Amino acid sequence: MQKTVLSGNEAFARAAYEAGVTVASAYPGTPSTEILENIIQYDRIDASWAPNEKVALEVGIGASIGGARTIVTMKHVGVNVAADPLFTFSYTGVRGGLVLVVADDPEMHSSQDEQDSRQYARFAKVPMFEPADSQEALDFTRLAFDVSEQFDTPVLVRSTTRISHSKSIVELGEPLAELPETGLVRDPGKFVMLPSNARVRHPMVEKRLEEMSEWACSQGFNRIEEGDGQLGIITSGVAYQYAREVFPTADILKLGLVYPLPKQMIRDFASRYKTLYVIEELDPFIEEQVKAMGILVTGKDKVPICGELTPGRVREAFSVNPQTLESVEETLPPRPPNMCPGCPHRNVFHALNRLKAYVTGDIGCYTLGFMPPLSAMDTCICMGASIGNATGLSKVLNEEERKKVVAVIGDSTFLHTGINGLMDMVYNKSTATVLILDNSTTGMTGRQDNPSTGYTLDGETAYQVDLEAICRALGVKHVVTIDPFQVDNTRAVIREAMERPEVSVVITRRPCVLIKHDVVKTSTPLYVDQDKCVACKACLTIGCPAIEWVSGKDGEKGHCRIDRLICNGCQVCMQLCKFDAFGVCDD
């Protein structure tokens with residue numbers, strides 16, 4: 001067998017190939033995005049981006065009903081969007097195996113919450129595997145397809161940021177020689193969830209969980225690693241790696257299947273110890289179930305419930321050899337998140353700041369409009385919520401305050417879950433303003449394509465959704481498209497829209513400076529004429545990282561200068577300067 005080094009996300013993709021998957025669907029979301037981006041290397045898998053996670057899962061369900069093995073991937077908050085079909089598909093069961101890989105984000109490196117997706121396994125009554133490294137990411141995911149078909153259930157596989165993005169040695173397997181047979185098979189009693197059919201299916205779901213709990217006690221993915229017999233630890237996922245490092249002599253029950261739990265195996269293991277720990281990230285998911293079995297364990301009264309675990313945090317939680325920890329000097333300067341030089345969103349938020357708008361924001365690169373010096377975002381809840389939030393505000397504010405409310409949403413997010421909000425805004429006669437920031441990509445997760453870009457996952461050209469036409473079809477009478485690099489016009493158009501006593505949509509259209517497709521994104525960098533710079537700092541109000549402030553020495557005034565290596569020549573700063581201090585470089 002060939003050995004190689006893979007990230008967890010690469011291993012999930014490889015597992016899909018080895019398991020005979022023929023359909024893969026997803027909506028990009030860090031830390032899950034790279035799974036589908038790696039799946040496209042396997043030609044026999046039809047892989048595609050969906051407009052949102054609900055659609056992705058529904059595509060997967062359809063393929064499963066047709067007999068194909070299917071993988072669907074998303075980040076933790078995406079499961080909220082996909083929950084409706086997930087819960088019902090738990091009742092119907094599968095034809096071809098269906099695996100949903102969900103990547104949690106402890107510490108919220110790129111997320112709005114620390115949701116623990118293990119709770120969805122219990123809530124939806126479906127099994128969940130949790131790998132602890134890339135090898136298990138491959139093995140557990142491949143196994144999950146067999147489990148899906150054996151127990152007639154969709155299967156969840158939980159990853160976390162560290163599993164998805166860390167690399168380790170993986171032994172590759174051979175792909176299935178024969179793919180599952182596909183075709184139409186009519187079985188409405190199984191797949192039509194009318195109440196009468198659902199009442200029949202529910203007891204089957206409960207029975208399957210009981211059977212899986214017993215079956216899991218004898219499976220290798222749940223194992224006991226013997227130590228010196230003094231201390232017992234129950235753990236899973238990446239927390240296993242930290243427990244193993246901090247307690248090298250402990251006896252460890254490592255769970256690969258975190259739902260349903262192997263109850264008898266846990267009882268037998270727990271009976272051996274006076275002291276039993278549960279070490280897990282985020283919620284006390286395992287701990288609460290073990291306590292419900294009448295077993296005394298120590299868990300979240302020591303292990304933090306917030307943030308991701310590290311060996312250091314585990315040591316600190318249990319006061320294990322704190323003197324061995326070495327202090328690490330902070331040598332790197334702080335690097336606050338910032339929009340890229342030449343980002344088309346920057347001037348939009350500069351305008352909103354100057355107009356003193358109350359901005360209901362959304363999920364995307366543009367959420368950085370919250371950061372100073374732009375400081376032009378007042379709310380941000382979830383994908384697509386900006387428009388609905390603006391509608392709600394407009395219902396309770398007086399006329400003058402209502403005019404200040406502006407919803408900001410990106411092109412991909414608008415297609416994800418923003419359209420219904422705009423439909424409601426028009427239908428219920430709201431009067432707020434909506435800005436759709438169209439940068440021709442799904443920038444926040446690494447510049448993936450979406451229905452408004454005109455390209456598919458594999459780079460083929462596709463129908464490009466017309467955002468203006470969608471807005472007009474929903475009943476918006478005032479739809480205008482502008483170039484956000486035009487400073488004065490951007491501010492004027494937004495101001496006019498805010499004054500309208502009806503729904504107004506302003507689409508700002510400029511491609512992301514990092515977009516993958518061959519479009520004009522940049523121009524010649526700028527420079528600052530030091531003789532003309534009066535140190536007014538107007539150019540600093542847009543927060544562009546290409547503009548540097550140089551403090552004066554010996555009583556001299558300071559001045560601005562341009563870092564030519566990163567300047568994209570968008571000329572927004574040039575338009576802000578009232579003293580013509582900015583020029584275009586000749587070379």
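Read-outs throughout are calculated quantities, based only on the coordinates presented, and are distinct from any laboratory measurement. Quick caveat: nothing in here was measured; it's all calculated off a predicted structure. Here Cβ is always computed from backbone atoms with ideal geometry, including for glycine, and neighbour counts include all displayed protein chains.
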Given the -39500 (n - 2.57) contribution per DSSP H run of 4+ residues, what per-residue ellipticity at 222 nm results for the chain, rounded to the nearest 500 deg cm²/dmol? -9500 deg cm²/dmol
Taking all pairs of distinct Cα atoms, average 1/r, flip it, and tell me the Kirkwood hydrodynamic radius of segment 346-509 in Å to one decimal place. 15.6
Report the extension gain between Glu316 and Gln230 in nm, rounded to one decimal, defined as 0.36 nm multiplied by the number of residues separating them, less their alpha carbon distance. 29.0 nm
Could you list which residues have their amide H under 5 Å from that of Ser159, counting only those 5 or more apart in sequence or on another chain, with H placed in the peptide plane? Val102, Ala103, Asp104
Take the Cβ-Cβ distance between His517 and Glu548 as r, set R0 to 30 Å, and report the resulting FRET efficiency rounded to the nearest 0.05. 0.45
Total formal charge among the other residues, if their Cβ is under 12 angstrom from that of Thr310, Lys/Arg +1 and Asp/Glu -1: -2
Output wanted: per-residue J couplings in Hz (rounded whole) for segment 287-303, from phi through Karplus 6.51 cos²θ - 1.76 cosθ + 1.60, θ = phi - 60°, x for Gly and Pro. 4, 5, 5, 5, 5, 5, 7, x, 9, 7, 9, 10, x, 6, 6, 10, 7
Between (i) 19, 45, 31, 6, 0; (ii) 21, 59, 20, 0; (iii) 18, 41, 32, 9, 0, which matches P(r) over Cα pairs in 20 Å bins from 0, in percent calculated for the structure shown? (i)
Quick one: Cα convex hull volume of segment 202-310, Å³ per residue? 103
Grab the Cα-Cα distance for Thr456 and Asp580, subtract it from 0.36 nm times how many residues apart they are, and report the gain in nm with one decimal. 40.3 nm
Please report the base-10 log of the normalised intensity I(q)/I(0) for segment 246-289, using a Debye sum with one equal scatterer per alpha carbon and no solvent, at each q in 0.15, 0.22, 0.25 (1/Å). -0.40, -0.88, -1.13
Would you mind ranking Met574, Met74, Met204 by Cβ crowding within 10 Å, fewest neighbours first? Met204, Met574, Met74
Per-selection metrics, segment 234-366 (Cα): Rg and Dmax in Å: 22.3, 68
Arg472 and Val192 label points (each 7 Å along its Cα→Cβ direction) are spaced in nm at 4.2
Whole-angstrom Cα spans of segment 526-584 along principal axes, big to small: 33, 22, 19
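Multiply the residue separation of Ser375 and Asp483 by 0.36 nm, subtract the distance between their alpha-carbon atoms, and state the gained length in nm to one decimal.
Taking 0.36 nm per residue and subtracting the Cα distance, the gain is 36.8 nm.
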Using θ = phi - 60° and the Karplus relation 6.51 cos²θ - 1.76 cosθ + 1.60, list the HN-Hα couplings for segment 405-417 in order, rounded to whole Hz, with x at every Gly or Pro. 7, 10, 8, 10, 8, x, 4, 5, 5, 4, 6, 5, 8
Fewest first, what order do Leu179, Leu36 take by the number of other Cβ atoms within 10 Å? Leu179, Leu36
Summed side-chain charge close to Ile381 - residues other than Ile381 whose Cβ falls under 12 Å, Lys, Arg +1, Asp, Glu -1: -3
Points 7 angstrom from Cα along the Cβ direction at Met108 and Val185: gap in nanometres? 4.5
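Can you figure out the FRET efficiency of Arg495 with Glu211, using R₀ = 45 Å and their beta-carbon distance, to the nearest 0.05? All intermediate terms of the calculation are to be shown ahead of the outcome.
Numbers: r = 64 Å, r/R0 = 1.43.
In this case the efficiency is close to 0.10.
Find out how many positive minus negative residues lie around Ala16, taking Lys and Arg as positive, Asp and Glu as negative, among other residues whose Cβ is under 10 Å from that of Ala16.
Here the charged neighbours net out to +2.
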Each label sits 7 Å from Cα toward the beta-carbon; between Asp283 and Glu400 the label points are separated, in nm, by 4.6
With θ set to phi - 60°, apply the Karplus curve 6.51 cos²θ - 1.76 cosθ + 1.60 along segment 116-129 and write out the HN-Hα couplings as whole Hz, x wherever there is a Gly or Pro. 9, 6, 4, 5, 5, 4, 5, 5, 8, 6, 10, x, 9, 9
What is the order of Thr30, Thr481, fewest Cβ neighbours within 10 Å to most? Thr481, Thr30
Going by amide H atoms built from the backbone, whose H comes under 5 Å of the H on Tyr27, apart from near neighbours? Ala50, Thr73
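Could you tell me the number of lysine pairs in segment 464-587 with C-alpha atoms less than 17 Å from each other, where the two lysines are 8 or more residues apart or belong to different chains?
Taking segment 464-587 as the scope, the lysine pair count is 4.
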